[in-house]
Amino acid sequence: MAVYPQLLEFFMPNLTTPTITIGEISIRQDAEGRYSLNDLHKASGGMKIHQPSNWLANQQTKDLIAELSKPLNLLTPENLGLEQNQPVKVINGGSKPGTYVVRELVYAYAMWISAAFHLQVIRTFDAVVTGALQPLTPALLYQPAIEIQIFESAIRELRVSETSKIRMYAAFCKSKDINSDFLPDYVNEPQVKAITSLLKDMSNPLYHHVAKLVNPALEAMGILERLSRKSTGNKIKQFWSLTEEGLQYGRNETSPNNPRETQPLFFVNCFPQLLMRLEAHRAGKLLPPAQ
């Protein structure tokens, strides 16, 4: 879905900053907070026998990874941002290639290397917990990632237009005090209007009955659907949104009354076709095929 896939890294530059140092090696983290096994290997001395691939091939390691992959075993504040319950993630290419693992696997890898390195890793991580070291906290790391996931999920579920996406991204950047100059100024999309205005322009009497007759008919045709959100006083507010089929006739814009709602707008150039289908539906006739 992400229209601008670089946003996660753009919004969270601090996630690329090393937060823990063992010896003279900074241990990098990926976007979800896992730690680099490759950096740990360097910190341990970099012996070939201790390469991460050798440890990952170990059956005991595989069993531990399988156990950690169970959802209940990843329900810790540190692991909230993990995608698809992945305690291990391999990144190919980019600025931070390598194998990244959760903290439990950091300890297991260190113990596999040697007792001395295991102790060094434990003491380093304990120093973070006790405050002797001051890296970015997991809460600060994961909060932006979760916010962006929720934000992009909302864009996907609401099926908003490209123009609305740009407005929403700009508003998100503004709320985080981030320069949004990387966003385009506009998207070239066909002219749209509200269905009431279109019906009125065509002198169609249905423009008086959009709420009671037109929208329910379009819902029955699969063009519109009702969505809902919470409003004040724990009440539920319903609003209309174009379905996947309906998007051939218009686009969903963010509502000027509430940014958490969509407002269906219809393409001026193909509205006559939709109106023909609507009138056929209301007359109980066979719908003309969509073109």
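The values are calculated or read from the model by the stated rules, or taken from the named source; none is laboratory data. Quantities reported herein were computed from a predicted structural model and do not represent experimental measurements. No Cβ is skipped: glycine too gets one built from the backbone with ideal geometry, and neighbour counts run over all protein chains shown.
The residues of the range 248-258 that are surrounded by 15 or more Cβ atoms within 10 Å (Cβ to Cβ), modelled with pLDDT under 90 and of a type outside the set (S, T, N, Q), listed by number, are 251, 253. Please determine whether any residue of the range 124-138 is at pLDDT 75 or above, of a type in the set (D, E, K, R), on the phi < 0 side of the Ramachandran plot and in a helix (DSSP H, G or I). The answer is yes, given that some residue of the range 124-138 is at pLDDT 75 or above, of a type in the set (D, E, K, R), on the phi < 0 side of the Ramachandran plot and in a helix (DSSP H, G or I). In the condition set (1) at pLDDT 90 or above; (2) surrounded by 13 or more Cβ atoms within 10 Å (Cβ to Cβ), residue 261 is compliant with all but (1). Going by the structure shown, is residue 226 under 30 Å from the mean Cα position of the chain (by Cα) and either part of a loop (DSSP other than H, G, I, E, B) or not assigned by TED's automatic domain parsing to the domain that holds residue 260 (or both)? Here the answer is no, as residue 226 does not meet what is asked.
Out of 212, 237, 200, one residue alone is over 13 Å from residue 265 (Cβ atoms), charged (D, E, K, R) and modelled with pLDDT under 90. It is 237.
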